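Participant: Right, I'll just put the structure down here and ask away after.
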Amino acid sequence: MMDTRPFYPHSFEEAKRNNDMDSYKQSTQANIDCKNAIETIIKNNYDGQRLGKDLAKQVIADFGIDRTAYVLANTVKHKDHDGRMSAANKEWAKEIFVPPDELDGTDRNTYFVVGSHTGLTDLFVNQFKREVAKLNLWDKSQVNPPTNLDFEGKVMVLKPTSLNEKHKTRDEQLFLPFGGFGCSPTASGRTVMGTFLVDGERANFQRSDFLGEAKKELLPAFAIEKLEKEKRPSVLKKLHDKKSEVTTKDKPPTKDKEAR
């Protein structure tokens, strides 16, 4: 059964400032438990010559993709000068933000650095990346960058970390914004309102939750069909109609897909 403790990718100082200390403490302990699980599974599946296969699958099942990635990226960052860690994995780790977390001169991120042999840890990171690749999620090479882009009416791609574990699918990354100050690249507000293209469910996200605009040539058939049912003007009218329906009394999405 997957660990249900909150995943809180922020520092002690930010947690204290936002009154999120309980989430921070639970998340940090879960990170440590994930790190210990990785060390144990590596130790128990290395015969002195080879590391066992499909080990990352079990850790993902127990702790989820986001936490496992966070712990591994943090580990790689702390071993940046170790030549036994591959350049490819060092580049991969740079894409995952792990905030500095120092308190009274102690780097608290060291609490969840995997202590296994660096070469074996590198192999485990490779296994993890292969498991995630099986999901065929959208990545930066498949989108137009969000910088200076007005989101409204465009098919936007959510970052995998913006979706809960059971909803990390390629189709459910597609989101059609219809309003919110976050649609504008210049507005001070960050909220983006819209619907999931796959099922029309309404949700709110932050502008920072998006990878960018899906490249049109990569859109799946269901998305093209939905967008082509009506010409652009009438599609935008419908979006604006939905925007006018939004009130503070709206119920939250039933599928638990909101951003963390």
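The values are calculated or read from the model by the stated rules, or taken from the named source; none is laboratory data. Worth saying up front: this structure is predicted, and the values here are computed from it rather than measured. Neighbour counts run over all protein chains shown; Cβ positions are idealised from the backbone, glycine included.
Participant: Working carefully through the options Asn31, Asn19, find the one that is assigned to a loop (DSSP other than H, G, I, E, B) and closer than 29 Å to Gly105 by Cβ. Steps first, answer last, please.
Facilitator: Working: Asn31 fails: assigned to a loop (DSSP other than H, G, I, E, B).
One residue alone meets the criteria, Asn19.
Participant: Does the stretch 133-141 contain any residue that is in a helix (DSSP H, G or I), in contact with a strand residue (DSSP E or B) (Cβ under 9 Å, 6 or more places away or on another chain) and among the hydrophobic types (A, V, I, L, M, F, W, C)?
Facilitator: no
Participant: Being closer than 14 Å to Cys34 by Cβ and out of contact with any helix residue (DSSP H, G or I) (no Cβ under 9 Å at 6 or more places or on another chain): is that true of Ala61 here?
Facilitator: yes
Participant: Would the stretch 156-174 turn up any residue that is free of Cβ contacts under 8 Å to residues at least 12 places away in the same chain, out of contact with any helix residue (DSSP H, G or I) (no Cβ under 7 Å at 6 or more places or on another chain) and either over 20 Å from Gln58 (Cα atoms) or not in a helix (DSSP H, G or I) (or both)?
Facilitator: no
Participant: Output the residue which, of all residues in the stretch 61-101 that are of a type in the set (D, E, K, R) and either in contact with a Phe, Trp or Tyr (Cβ under 8 Å, 6 or more places away or on another chain) or touching a residue at least 60 places away in the same chain (Cβ under 8 Å) (or both), is farthest from Met2 (Cα to Cα). Spell out how you get there, then give the answer.
Facilitator: As a first pass, look at the stretch 61-101 and keep what is of a type in the set (D, E, K, R): 62, 66-67, 77, 79-80, 82, 84, 90-91, 94-95, 101.
Add one more test, that the residue is either in contact with a Phe, Trp or Tyr (Cβ under 8 Å, 6 or more places away or on another chain) or touching a residue at least 60 places away in the same chain (Cβ under 8 Å) (or both), and what stays is 62, 66-67, 101.
Details: Asp62: 4, Asp66: 12, Arg67: 11, Asp101: 26 Å.
Only one residue tops the list, namely Asp101.
Participant: Let me ask something additional. From Phe97, Phe181, Phe128, grab the single residue that is crowded, with 20+ Cβ neighbours inside 10 Å, at negative phi and not small (Gly, Ala, Ser).
Facilitator: Sole residue among the options that is crowded, with 20+ Cβ neighbours inside 10 Å, at negative phi and not small (Gly, Ala, Ser): Phe128.
Participant: List every residue pair whose Cβ atoms lie under 7 Å apart, where the two residues are 6 or more positions apart in sequence or sit on different chains, the first residue falls within the stretch 15-32 and is surrounded by fewer than 16 Cβ atoms within 10 Å (Cβ to Cβ), and the second residue, located anywhere, is small (Gly, Ala, Ser) and part of a helix (DSSP H, G or I).
Facilitator: Met21/Ala15
Participant: Related question: What's the total number of residues in the stretch 135-163 that are under 22 Å from Pro9 (Cβ atoms), buried (at least 17 other Cβ atoms within 10 Å of the Cβ) and of a type outside the set (A, V, I, L, M)?
Facilitator: 6
Participant: I would also like to ask the following. Does Asp122 satisfy being more than 20 Å from the chain's Cα centre (by Cα) and modelled with pLDDT under 95?
Facilitator: Working: more than 20 Å from the chain's Cα centre (by Cα): yes; modelled with pLDDT under 95: no.
Criteria not met by Asp122.
Participant: Within the stretch 1-25, count every residue that is under 19 Å from Phe112 (Cα atoms), over 20 Å from the mean Cα position of the chain (by Cα) and not basic (Lys, Arg). Break it down into steps so the answer makes sense when it comes.
Facilitator: Taking the stretch 1-25 first, the residues under 19 Å from Phe112 (Cα atoms) are 2-15, 21-25.
Retained after the next criterion (residues that are over 20 Å from the mean Cα position of the chain (by Cα)): 12-13, 21-22, 25.
When the remaining residues are screened for being not basic (Lys, Arg), the result is 12-13, 21-22.
So the answer is 4.
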